[in-house]
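Everything below concerns the one structure shown next.
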Amino acid sequence: MTDNSYYHELNSPTTEILLYNFLKPGYEKQPPPTEQPQSSTKTEISTPPHCSSHYWDDSLLSIKDDKTMSVKIVLRNFTDLQAALNDIDPHPNSRRLSIQKRNNRISTTEEDLMSLASSYMSVPPSIGLTVINTNMLDVLMNRSIQHWCCIGFKVAPVSIDLVKNWRKAPISIVYCIASISLVTFMDKHTSNAFTKQAAMAFYEQAKSKMDDIVSDRVEPLSIQSYFCLSYTSNLLRLYEQQRTWGGLASISLQHIVAVKQNEGVQLDKQTLNYWFRWYYVDAWICLTLNRDCLLPDSVAWIDLQSIQELSKSNTLEAEQHSIYCFVVLGYFMRKYIRALHSGKLFHNNQSHNSDLKSPSSYYYEITHQLTEWYESIPVYSFPGEFHLKMCYYSMRLVVLYQFLSPYQAPPYDILIDCLETNMELLMELQRLKEVGCDQSTYHYMFFAIHNSAKRIYQYQSTPTNLRTYAEEQLKINLMLLKSTQAYAHDVFKMRLYAGMIEDQFHRMNIICVDSINIYKQPTSTMIVFKQHNDQCTLRNRTKKK
């Protein structure tokens, strides 16, 4: 996979040029039809916008210059870059909402709930001094090591060995893990306000250590730092900053690969694992937030088909198997993304104003390939495999939700698929609760499950038995949400969202039953639905024959 035959001659762009390529779409104007845009810098690692299609408002997503301009961007620190990004898109949340209003084809799973707006919490100076001058870091690092099954996936590919020797690790990574640990494992003996402020203080310290971001020689640990900062800012609901760190992670990866290739150096395992990890994360962000993918779908030096075959092998180490599987997930996500943006996901390229959104044969083709692959991979006893299952069904639900028009029910098999996917997610979320693991990584799925089950419940054409299953899923989902630490400690506005869900229940005449009654036999309800689903699937296959 790292053979020199995969390498291409590339002109090595500087970090400043890569940053410009990342920022360029916001500065460019539409050129005259007769003119062809030119570029003074040839590079094969820049990624064109993927959202451009007649289903999107191109005036927001693709603005080009009348002619080639020489632009120099001087970035002295992280704040400069963030200001430049905000100049391009000062209100990204408003932009996303306006796009969704004009284009019902591409919708997020949280559209029926309050938009998760970014929030910034001011940190008193005393809190900042406390987190630096006490032994909090020792306590939080030890806690992270003890609960690495919960922390490791959030900060991958950071290894537990790096955390065990955290005093020698990059301080930005250490501060990010401290912030994540604080939010993940809330201490009942510590006030919620202090915990939130301390987490923000650690993040601010981590950010300040990455202040000097512009360097023509990107170090591997800098990329790990960007990964950690991206996740931490997302966890703290600082979405504009997450966008910036994600952009820097993508830019740095492309830069370091180009440098190594131009030097004739094979890509080492560490760099490959960085690429593999961000290849998945980048696709997930694009799928859920309607953003452009920043990494290309494919590169000459990675054989995605070989990785897909390797992921089916049971001879790999568990950790490497997990890495390969997430690459394949990212590959299929990008297939769905292209089909969604081009309209090929829907039957006969249905208009985004269509009341009915039926899946196309191309959707079934991709889904068949995906499910066939997933059913063929071996199961390892490794925490990463649990996360793989959660991410697989999360991706499936986000795609399936596109067919759940507010006005008319999709085909019956889509209803069944949605409810089965919800079932798998609820069972895994319940499993997390039972073993005492953190659920913050999957908070968004509570909203996705709620919205999909609610739509199915509200369709007038939904059969009574499916409506019953949807109602049970709505109730179980709410009770699981209320069992999270985030709800108990009122983090991430979870109590507000739970209250909004209860208001919706009231309007739908759904009785909020006490959690004890729902938790008595939730698994049996799932088994009954599973048996019903298997029978429906069998009947459908028989009809096709």
Quiz item: Say the cut-off is 20 Å between C-alpha atoms; which of K154/K312; K154/K196; K207/K493; K154/K207; K164/K389 go over it?
Solution: K154/K312; K207/K493; K164/K389
Quiz item: In the range 293-443, what percent of the accessible surface is made up of carbon and sulfur (1.4 Å probe, ligands and nucleic acids excluded)?
Solution: 49
Exercise. Search the structure for amide H atoms under 5 Å from the amide H of K357, placed 1.01 Å from N in the peptide plane, and list their residues when 5 or more places away or on another chain.
Key: S405
Self-check item: Probe 1.4 Å, accessible area per residue of the range 275-359, Å²
Solution: 35
Self-check item: DSSP-assigned coil residues among chymotrypsin sites (Phe, Trp or Tyr not before Pro) in the range 358-421, each with at most 12 further Cβ atoms within 10 Å
Solution: Y407
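The values are calculated or read from the model by the stated rules, or taken from the named source; none is laboratory data. Everything numeric in this text was worked out from a predicted model, so none of it was measured. Glycine gets a Cβ as well: all are built from the backbone with ideal geometry, and neighbour counts include every protein chain shown. Just the protein is used for accessible areas: all its heavy atoms, side chains included, with ligands, DNA and RNA removed. Shrake-Rupley method; radii C 1.70, N 1.55, O 1.52, S 1.80 Å.
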